[in-house]
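Since every read-out is calculated from the coordinates, none of them should be taken as a lab result. Bear in mind that the values here come from a model prediction, so they are computed numbers and not experimental data. FYI the Cβ positions are ideal-geometry reconstructions off the backbone, even for glycines, and counts take in every protein chain you see.
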Amino acid sequence: MDYQQFWEKKIIQWELDRYGEITNSTSIERIANRVSISLRFRIEYAEILLKPYLRGMKIIELGCGSGRLAEKLIDNGAKSYIGIDFATNAVEKANSRIERKGLNKKVRFVSSDVIQLSEFDGDIVFSLGLFDWLTPQQIGQIFKSTGSTHHMHSFSEKRVSVSQWIHRVYVHLSYGRHNNGYVPQYYRANYITCIAKKHLNFPLKIIRDRRLSFGAFVTTL
């Protein structure tokens, strides 16, 4: 399966649907949008969690899509922001937006596979939902490639819940059955922390909030 092609076809419309700018979505996507309050809260909560640590920091977002947090992080004091995603259409859209706003000296977007990067030149690396699409080995590679960098990543926590059951059904019907079962993964929090501890020297904590539904954050901040 061509994962890059999958995301280039999906990501821009997915962002429009999930963040409330519904256009010509299918019926199933409009239904999914109504139950995506947790995703809209996730991006708001990520900004809140990062804000106290941004002053003078170089920020890297992995799997950034069109980088909807970039401007806010700069406004809150970040020295620079780099967004990395292998969906070239999302990266092009993001760079065009940043150039129009005159922020291209502080913000840039790069089209690349985050797993192939040997190191990250930043103070804080974060991602929103990227881990859901990675194997444990790939998640380990993310942590291994960062040296003394701080981390914050959201992930879908494996739980027994109605909301997660609905999500499993939705992703299967929407695209899993058409793409060899390529759907998000759910991880237990202690599994994620065990992977991270092999490579990081900072204490780790898990942050949950009922408004995240079955989502959670793992962070060294």
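Using the Karplus equation 6.51 cos²θ - 1.76 cosθ + 1.60 (θ = phi - 60°), what ³J(HN,Hα) coupling, rounded to whole Hz, does each residue of the stretch 97-113 give in order, writing x for Gly and Pro?
Residue by residue, the stretch 97-113 yields 5, 5, 5, 4, 8, x, 9, 5, 7, 10, 10, 8, 10, 10, 8, 6, 7 Hz.
Where both residues lie in the chain, what percent of DSSP beta bridges are antiparallel, nearest 5?
Around 30 percent of the beta bridges assigned by DSSP in the chain are antiparallel ones.
Are any of the pairs Lys51/Lys158; Lys9/Lys144; Lys158/Lys197; Lys144/Lys205; Lys10/Lys51; Lys51/Lys79 more than 21 Å apart by Cα-Cα distance, and if so, which?
Check vs 21 Å cut-off fails for Lys51/Lys158; Lys9/Lys144; Lys10/Lys51.
Name the long-range amide H neighbours of Ala216: under 5 Å, sequence gap of 5 or more, or other chain; modelled H, no Pro or chain starts.
Phe155, Glu157
Near the amide H of Val110, under 5 Å away, which other amide H atoms are found, from residues 5 or more places off or on another chain, if H is placed in the peptide plane?
Residues meeting the amide H criterion: Gly83, Ile84, Asp85.
In nm, what is the difference between 0.36 nm times the number of residues separating His172 and Glu92 and their Cα-Cα distance?
The span from His172 to Glu92 would gain 25.9 nm if fully extended.
For Glu44 and Ser118, what does the FRET efficiency come to when R0 = 35 Å and r is the distance between their Cβ atoms, rounded to the nearest 0.05?
FRET efficiency, Glu44 to Ser118: 0.60.
Please turn the phi angles of the stretch 121-126 into ³J(HN,Hα) values with the Karplus equation 6.51 cos²θ - 1.76 cosθ + 1.60 (θ = phi - 60°), one per residue in order, whole Hz, x for glycine and proline.
Those phi angles translate into 8, x, 9, 9, 10, 9 Hz.
Would you indicate which of (1) 54, 40, 32; (2) 60, 36, 28; (3) 44, 42, 33 is the value of Cα extents along the principal axes in Å derived from the coordinates of this structure?
Computed from these coordinates, Cα extents along the principal axes in Å corresponds to label (3).
What full-extension length gain, to one decimal in nm, is calculated for Asn190 and Trp165 as 0.36 nm per residue of separation minus the Cα-Cα distance?
6.9 nm
Net charge around Ala87, counting only other residues with Cβ within less than 11 Å of its Cβ (Lys, Arg = +1; Asp, Glu = -1)?
That works out to -2.
Per the helix-only calculation at 222 nm, which mean residue ellipticity applies to the chain, given -39500 (n - 2.57) for every DSSP H run of n ≥ 4 and division by its residues, nearest 500 deg cm²/dmol?
That comes out to -12000 deg cm²/dmol.
Pick out, from Ile207, Thr219, Ser156, the residue whose Cα sits farthest towards the positive end of the charge dipole of the stretch 3-219, with +1 on the Cβ of Lys and Arg and -1 on the Cβ of Asp and Glu.
Looking along the dipole axis, the top candidate is Ile207.
Taking 0.36 nm per intervening residue step and subtracting the Cα-Cα distance, what contour gain separates Leu221 from Lys205 on full extension?
Gain on extension, Leu221 to Lys205, equals 4.9 nm.
Work out the FRET efficiency for Asn76 and Gln138 from their Cβ-Cβ distance, taking R0 = 30 Å, and round it to the nearest 0.05.
After rounding, the FRET efficiency stands at 0.50.
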